[in-house]
Amino acid sequence: MTTFYDFSADSIRGEAIDMSAFADKVVMVVNTASECGFTPQYQGLQDLYAKYQDQGLVILGFPCNQFGGQEPGENDSIEQACQINYGVEFPMFAKVDVNGAESHPLFQFLTQKLPGTFGRKIKWNFTKFLIGRDGEPIKRYAPTKSPASMEADIVRALAK
């Protein structure tokens with residue numbers, strides 16, 4: 001049975017990272033963009049990470065340019081923008097596709113396990129996936145869901 005831990009992705013600096021490095025953690029996977037109306041959610045995500053990382057929460061940001069060209073930069077400029085504008089300390093990954101034939105296998109897995117209201121396809125930036133300590137996806141959140149509105153679900157997952 002495939003779990004989150006069976007995948008890997010390149011960090012924003014190009015290093016291969018196995019998701020098994022996050023074993024026994026509660027993980028929030030987010031497809032991000034630096035020039036989106038939802039970009040200020042980086043701050044809320046960072047706040048959650050700072051508050052709960054010692055209890056086992058990790059947030060993983062995956063930049064994507066598939067929605068309105070809102071992530072046009074290269075990985076180094078994306079990383080700088082996240083750190084300078086929002087103080088992002090959680091792991092960021094290299095830019096990926098989240099839909100279509102070239103979509104990253106991790107997002108193929110997540111969208112298959114947790115289809116959205118109108119199908120599997122990710123509709124926009126800042127779609128979020130909560131994954132339990134066992135590597136099983138728990139819940140998918142629409143881009144409009146603020147990070148703060150997910151806090152109770154995160155606390156429940158951390159308690160398991």
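Which residue, of SER77, SER34, SER11, is at pLDDT 95 or above and either surrounded by 18 or more Cβ atoms within 10 Å (Cβ to Cβ) or polar (S, T, N, Q) (or both)? Only one candidate passes the filter, namely SER11.
May I ask you to say which residue of LEU110, LEU158 is closer than 15 Å to LEU60 by Cβ and in contact (Cβ under 8 Å) with a residue 60 or more places away in the chain?
Details: LEU158 fails: closer than 15 Å to LEU60 by Cβ.
Among LEU110, LEU158, only LEU110 is closer than 15 Å to LEU60 by Cβ and in contact (Cβ under 8 Å) with a residue 60 or more places away in the chain.
Any idea which residue in the stretch 71-90 is farthest from TYR42 (Cα to Cα), counting only those that are in contact with a Ser or Thr (Cβ under 7 Å, 6 or more places away or on another chain) and in a loop (DSSP other than H, G, I, E, B)?
Going residue by residue through the stretch 71-90, those that are in contact with a Ser or Thr (Cβ under 7 Å, 6 or more places away or on another chain) are 71, 73, 78, 81.
With the extra rule that they be in a loop (DSSP other than H, G, I, E, B), the set shrinks to 71, 73.
Details: GLU71: 14, GLY73: 17 Å.
The selected residue is GLY73.
Does LYS25 meet the test of being among the basic types (Lys, Arg), surrounded by 14 or more Cβ atoms within 10 Å (Cβ to Cβ) and in contact (Cβ under 8 Å) with a residue 60 or more places away in the chain?
Details: among the basic types (Lys, Arg): yes; surrounded by 14 or more Cβ atoms within 10 Å (Cβ to Cβ): yes; in contact (Cβ under 8 Å) with a residue 60 or more places away in the chain: yes.
The answer is yes for LYS25.
Among the residues of the stretch 93-140, those identified as closer than 17 Å to PHE22 by Cα and either in contact with a Gly (Cβ under 6 Å, 6 or more places away or on another chain) or among the small types (Gly, Ala, Ser) (or both) are GLY132, GLY135, ILE138.
When you check GLN70 against the structure, is it in contact with a Cys (Cβ under 8 Å, 6 or more places away or on another chain) and touching a residue at least 40 places away in the same chain (Cβ under 8 Å), yes or no? Before you say what the answer is, go through the steps one by one.
Details: in contact with a Cys (Cβ under 8 Å, 6 or more places away or on another chain): yes; touching a residue at least 40 places away in the same chain (Cβ under 8 Å): yes.
The answer is yes for GLN70.
Across the stretch 125-160, the number of residues qualifying as in a loop (DSSP other than H, G, I, E, B) and over 13 Å from the mean Cα position of the chain (by Cα) comes to 9. Kindly indicate whether ASP47 is assigned to a helix (DSSP H, G or I), modelled with pLDDT of 95 or more and either surrounded by 15 or more Cβ atoms within 10 Å (Cβ to Cβ) or of a type in the set (A, V, I, L, M) (or both). Yes.
The values are calculated or read from the model by the stated rules, or taken from the named source; none is laboratory data. What you see is a predicted model; the values in this text were computed from it and never measured. Quick reminder, even Gly has a Cβ in these numbers, built from the backbone with ideal geometry, and neighbours come from all protein chains shown.
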